[in-house]
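To start, the structure under review is shown below, and the notes come after it.
The values are calculated or read from the model by the stated rules, or taken from the named source; none is laboratory data. Keep in mind that what you see is a predicted model, and the values were worked out from it rather than measured. Please note: Cβ atoms are built from the backbone with ideal geometry, for glycine as well, and neighbour counts cover all protein chains shown.
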Amino acid sequence: MAKRKLKKQGVTDYFEDAILLNGRTYIDYLERMKKIALSMFEWVNLPETMNARFLEMCLYYKGQGAILYDEDMGGYINTMASDGGYINLYGLPSQIMCYSYGNFNQRRNLYMHDTGAEKGEECILVMNTFERIPTATSIELFAKRLAEAQRTADINMSQQRTPMLILTDKNQELTLRNMYAQYDGNSPVIFGDKNLLTPDSIKSIKTEAPFIGIPIMDYKREIWNEFLTFMGISNLSEKRERLISNEVDSNNELTNLNLQALLVPRKKACEQFNEKYGLMGEKAIDVKVRSDLYNIVKQFESVTYDYDEAKKTEELIEGGENV
């Protein structure tokens, strides 16, 4: 009975702890990236009855959402959306099922142009991308790769602390565990039973696990940068002075295209909303990128220009010319 209990503590508990830590690491990376994705865009002039946070969450998890006018709800609202009706000429559903919490569920016609329909008959489809793909599916993959890399680094680091296996009799396992707990706790003196522990009863095997932490961290950095590029965020981690103009331009172009892939569909929904409900000027709704993300191309062009000018100045000085 005692042996079974010891086995459970020695194997099952460690396994459960590892599974728990794996899950927590994955969730940690997932939440970090989700925080970035959900805070990238700022919706301007939304009616008070609408909620930008919920709209971005719909786009993040579902790939699409809906904006509509509902008298019972007190005006303009945004909801989750699913396809309904038939597929029209442009590959879009003719109707949208607008649904949300609180048993809200309505079928609305998709607004395409000015048809003269009443306010409550149509809705605006808001797309995360033109293919209506959720951001969450890709971010979950990035989080999985980062978590696996981090846990591999954690395990490899722990192997550097204990680079050996201890071979002993099963009856002495608990004794050795208690001694190792003292060793791991930096105990200045460890006492053992001389009748139980002899040089012949304990043997060790070196695992000789190589330290691979640095290449793993480089791999993590590449995955993180790939995620940032996917989201349209500047991520050049290499020192800028080492980059040539073509490399900067290539990264800027890809980053900017990914950013536009998310921004343009949102702006299209704003245009349709303003057209449908006749909103103009200061009352028109809009969406923009927070911070300086929209100006990344200008930023790195400036860096490249400054570097080129500095190199020219340095060459002139070395050549003995006055600057």
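Would you check if residue 85 is on the phi > 0 side of the Ramachandran plot and without any contact (Cβ under 8 Å) to a residue 60 or more places away in the chain? The answer is yes for residue 85. Of all the listed residues (146, 110, 141, 92), the sole one being under 29 Å from residue 23 (Cα atoms) and without any contact (Cβ under 8 Å) to a residue 40 or more places away in the chain is 141.
Could you check how many residues of the stretch 113-138 are in contact (Cβ under 8 Å) with a residue 40 or more places away in the chain, within 27 Å of residue 22 (Cα to Cα) and surrounded by fewer than 21 Cβ atoms within 10 Å (Cβ to Cβ)? Selection size over the stretch 113-138: 3. Name the single residue, out of those in the stretch 132-174 being in contact with a Leu (Cβ under 9 Å, 6 or more places away or on another chain) and of a type in the set (S, T, N, Q), that is modelled with the lowest pLDDT. Only one residue fits best here, namely 171.
A quick yes/no check of all residues on (1) modelled with pLDDT under 70; (2) over 16 Å from residue 160 (Cβ atoms):
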position: 176; (1), (2): no, yes
position: 181; (1), (2): no, yes
position: 192; (1), (2): yes, yes
position: 198; (1), (2): yes, yes
position: 208; (1), (2): no, no
position: 215; (1), (2): no, no
position: 218; (1), (2): no, yes
